[in-house]
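J.: Structure below; questions to follow.
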Amino acid sequence: MSKYLSKRILSSLLAIAGLFVMVFFLARLTGDPGHLYLPIDAPVEVRKEFSEKHGFNDPIYIQFGRFLEDLSEGNLGYSLRKERPAIDIVLEAIPVTLSLAAVAMTIALFGAILIGSLAAYKPNGLFDRISRVVSLTAASAPDFWVAITAILIFSVSLRWLPTSGIGGFPYWIMPIAILVIRPLGLLVQVVRGSMITALSSDFVKTARAKGVKENKVIFKHALRNGLLPVITVAGDQAAAIANGAVIVETIFGWPGIGKLMIDSIMQRDFAVVQASILITAIVILSINIIIDIAYAILDPRIRHK
Amino acid sequence: MELIIQKNYFFNKLKKILSMFLNDKLALISIIFLSFMVFLALFGPSLINDSFTKMNLRLRNLEPFSFDHHFMYFFGADALGRSMIARLIIATQNTMFIAASAVVLSMTLGGMLGLVSGYFGGKTGNLIMRIADIIMSFPSLLLAVIVLYMFDPGLLNLVLVLAFTRMPIYMRTARAEVLEIRERLFVSAAISMGASNTRIIFKHIAPLTIPTLITIATLDFAFVMLGESALSFLGVGIQPPEVTWGLMVAQGRNYLQLAWWLAFFPGLIIMLVALSLNLLSSWLRIVLDPRQRWRLQNIGDKNE
């Protein structure tokens, strides 16, 4: 198992390195940041000095070499916009997104397990058919549209919830709800499918034949086996939730990593873009490795290898 | 004689497929709705002529569902008095075209890379799969935003970016299929008869992977469409005066309190199309799986 894990971690590190090199070179193609940061009528000397000071004049491979040097010292560059180390800005934004994503993922996972198992208990029953349409609708809904429709209904018309910003409980309701919708819809399908397989397998029949109580059959025998594929899909959802977070943070004005990244891209703040990509990639890959470990612990076939 | 048999065979097959549709009402409704949308995308713009750009300032922000004006204004009008129906039809063509090109492109490229990776295996195969890992490990939306901001957010770049971010699914699926097909007898037979690698891959293996890839593509069309509308919503997708459903939602957002229908209808259509594709692909999955096909075939003779 440790061999399997070290292989996974190694390939994750390679993935981060590849992504990083790609983004560094792409980011330099956007154009001269001087155009954005200096007034339109700035004289040529000022522009030259600006480029000189930030090293934009050097060939791109020298900039990359300098960047790697800084990286080895734990320095991810300096934000042009906020005049602070980029890593500080990113580390401030990460907890906002993480808490948003963690709450949303927990709700989606437990909701999906509950609904999916109930649907799988009687395939093609009334509950199954209703939950199929509802969960497919949820998986098909464009999150930005749901968000602004929800703002229209709950904030503008009914005045129950705040339109945007961060704060107490009411501020969390809409962003979380919108972030939950799509993963929930997808996960319900997965739970249903794997629970149907688990419930019709031989060990469940044996358990029933032995006279094990129905509750125990479902929760102890079927669910534990049915959850394995769900865990894999939940891992893929980590990146999907980050996508949703970009939209939700932009619409509701949350100072998370998604909004930070969009803002920095628009303002050509290279250092912040790079730092946030690196940190996001590390977070997502760590989540995937944790999920692999969880999978290995839950599945005896892998655990005993 | 042979012709008649072939004809009968064809009709029987068609009848079977039709009855499988009739046994799943939701799939039937979805296919009708999707055909209608495809029809609109192909012929809609030429049917409505120039009413897409025609402004009628007296009908500015006209409310929907009123019969007082031309039927083109049934879903209301925007802030410049342009008919919502006409704009939705133009947007249908753009959205469908972008999503379809992106799906075809990513299916072809991803499928081929997966075929090569699965057939040859080894270092090349692993390298190709590592590329898929890199693409998968990063939120596709952010990757697309970065790339589209670097280059102009025009039509071609949008299609390329969407195709690129969706490629890993086809790569992985095609590879998994090939790894299994490669071991079958007819492949060994082809190798022993001296067929070239290209011939084996394209003539013998590729056709068998296509049904699976198409099922994935049906569902992927919905994802690509949602991705395109999210990008257009964030302002890095299609640019005005061109219009897609996502961009219409973004534009309508500014008039949310004044005219809710500007953002509501395009979003509703995105959801309905994505839902239909979801229902259709779950139907396809059952039809293509011999172990599950009976669910749709024998509903009528349950009591026999």
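J.: Out of (1) closer than 25 Å to A:Ile291 by Cβ; (2) of a type outside the set (Ser, Thr, Tyr); (3) modelled with pLDDT of 70 or more, what's the single condition that is false for A:Met1?
T.: That leaves (3) as the condition not met.
J.: Here's something else I'd like to know. For the stretch A:113-152, give me the residue count where each residue is away from chain B (no Cβ under 14 Å), in contact (Cβ under 8 Å) with a residue 12 or more places away in the chain and in contact with a helix residue (DSSP H, G or I) (Cβ under 7 Å, 6 or more places away or on another chain).
T.: 6
J.: Is it the case, given these coordinates, that A:Lys53 is assigned to a helix (DSSP H, G or I), modelled with pLDDT under 75 and out of contact with any His (no Cβ under 9 Å at 6 or more places or on another chain)?
T.: When the stated conditions are applied, A:Lys53 passes them.
J.: Among the residues that make up the stretch B:111-131, is at least one of them of a type in the set (Ser, Thr, Tyr), buried (at least 21 other Cβ atoms within 10 Å of the Cβ) and closer than 29 Å to B:Pro240 by Cα?
T.: Among the residues of the stretch B:111-131, not one is of a type in the set (Ser, Thr, Tyr), buried (at least 21 other Cβ atoms within 10 Å of the Cβ) and closer than 29 Å to B:Pro240 by Cα, which makes the answer no.
J.: Out of the residues in the stretch B:233-245 that are over 26 Å from B:Leu280 (Cα atoms) and more than 10 Å from chain A (Cβ to nearest Cβ), which is surrounded by the most Cβ atoms within 10 Å (Cβ to Cβ)? Full working, then the answer.
T.: If we filter the stretch B:233-245 for residues that are over 26 Å from B:Leu280 (Cα atoms), which is where we start, we get B:233-243.
So of that shortlist, the ones also more than 10 Å from chain A (Cβ to nearest Cβ) come out as B:237-243.
Working: B:Gly237: 28, B:Ile238: 22, B:Gln239: 15, B:Pro240: 9, B:Pro241: 7, B:Glu242: 14, B:Val243: 22.
If we take residues in the stretch B:233-245 being over 26 Å from B:Leu280 (Cα atoms) and more than 10 Å from chain A (Cβ to nearest Cβ), then B:Gly237 is surrounded by the most Cβ atoms within 10 Å (Cβ to Cβ).
J.: What helices (runs of 4 or more DSSP H) completely inside the stretch A:247-305 contain at least 1 residues that are at the interface with another protein chain (Cβ under 10 Å from one of its Cβ atoms) and over 19 Å from A:Pro85 (Cα atoms)?
T.: On the way: elements: A:257-266, A:270-298, A:300-303.
Filter on the stretch A:247-305 gives A:270-298.
J.: Pick from B:Leu219, B:Leu213: which is more than 23 Å from A:Leu152 (Cα to Cα), surrounded by fewer than 24 Cβ atoms within 10 Å (Cβ to Cβ), at pLDDT 85 or above and not aromatic (Phe, Trp, Tyr)?
T.: Every option except B:Leu213 fails the conditions.
J.: So which residues in the stretch B:246-260 are within 11 Å of another protein chain (Cβ to nearest Cβ) and within 23 Å of B:Ala222 (Cα to Cα), if there are any at all?
T.: Listed by number, the residues that qualify are B:Gly246, B:Met248, B:Val249, B:Ala250, B:Gly252, B:Arg253.
J.: Given the conditions (1) free of Cβ contacts under 8 Å to residues at least 12 places away in the same chain; (2) more than 10 Å from chain A (Cβ to nearest Cβ), which single one is not true for B:Phe221?
T.: Status for B:Phe221: all satisfied but (1).
J.: Now, a different point. Of the residues that sit in the stretch A:211-237 and are within 14 Å of another protein chain (Cβ to nearest Cβ) and touching a residue at least 60 places away in the same chain (Cβ under 8 Å), which one is farthest from A:Pro300 (Cα to Cα)? Even if it seems obvious, please write down each step before you answer.
T.: Looking only at the stretch A:211-237, we keep the residues that are within 14 Å of another protein chain (Cβ to nearest Cβ), and these are A:232-233, A:235-237.
Narrowing further to those that are touching a residue at least 60 places away in the same chain (Cβ under 8 Å): A:232, A:237.
Details: A:Thr232: 16, A:Gln237: 24 Å.
The residue in question is A:Gln237.
J.: Which count do you get for residues in the stretch B:90-118 that are hydroxyl-bearing (Ser, Thr, Tyr) and in contact with a Lys or Arg (Cβ under 6 Å, 6 or more places away or on another chain)?
T.: Here is the first cut: in the stretch B:90-118, the ones hydroxyl-bearing (Ser, Thr, Tyr) are B:92, B:95, B:101, B:106, B:108, B:117.
In the following step, the residues that additionally are in contact with a Lys or Arg (Cβ under 6 Å, 6 or more places away or on another chain) were identified as B:106, B:117.
Number satisfying all stated conditions: 2.
J.: Right, another one. More than 30 Å from B:Thr198 (Cβ to Cβ) and either surrounded by fewer than 23 Cβ atoms within 10 Å (Cβ to Cβ) or modelled with pLDDT under 80 (or both): is that true of B:Ser101 in this structure? It would help to see each step written out before you state the result.
T.: Numbers: more than 30 Å from B:Thr198 (Cβ to Cβ): no; either surrounded by fewer than 23 Cβ atoms within 10 Å (Cβ to Cβ) or modelled with pLDDT under 80 (or both): yes.
Against the criterion (more than 30 Å from B:Thr198 (Cβ to Cβ) and either surrounded by fewer than 23 Cβ atoms within 10 Å (Cβ to Cβ) or modelled with pLDDT under 80 (or both)), B:Ser101 does not qualify.
J.: Among the residues of the stretch A:153-173, which ones are more than 24 Å from A:Gly185 (Cα to Cα), more than 14 Å from chain B (Cβ to nearest Cβ) and in contact (Cβ under 8 Å) with a residue 40 or more places away in the chain?
T.: Those that are more than 24 Å from A:Gly185 (Cα to Cα), more than 14 Å from chain B (Cβ to nearest Cβ) and in contact (Cβ under 8 Å) with a residue 40 or more places away in the chain: A:Gly165, A:Ile166.
J.: Moving on. So B:Ser140 fits all but one of (1) more than 21 Å from the chain's Cα centre (by Cα); (2) at the interface with another protein chain (Cβ under 7 Å from one of its Cβ atoms); (3) under 26 Å from A:Gln237 (Cα atoms); what number is the exception?
T.: Single failed check for B:Ser140: (1).
J.: While we're here: List the residue pairs whose Cβ atoms are under 6 Å apart, where the first residue sits in the stretch B:224-235 and is small (Gly, Ala, Ser), the second is modelled with pLDDT of 85 or more and surrounded by fewer than 24 Cβ atoms within 10 Å (Cβ to Cβ), and the two are 6 or more positions apart or on different chains.
T.: none
J.: Just the residues that are under 20 Å from B:Leu113 (Cβ atoms) and either exposed (fewer than 11 other Cβ atoms within 10 Å of the Cβ) or among the hydroxyl-bearing types (Ser, Thr, Tyr) (or both), please, taken from the stretch B:181-204.
T.: Listed by number, the residues that qualify are B:Ser196, B:Thr198.
J.: Also, quick follow-up: Take the residues in the stretch A:195-230 that are touching a helix residue (DSSP H, G or I) at 6+ places or on another chain (Cβ under 9 Å) and not in a helix (DSSP H, G or I); name whichever of them is farthest from A:Ser117 (Cα to Cα).
T.: Taking the candidates together, the pick is A:Val212.
The values are calculated or read from the model by the stated rules, or taken from the named source; none is laboratory data. Since this is a predicted model, take the numbers as computed values, not measurements. Here the Cβ is made from the backbone with ideal geometry for all residues, glycine too, and neighbour counts use every protein chain on show.
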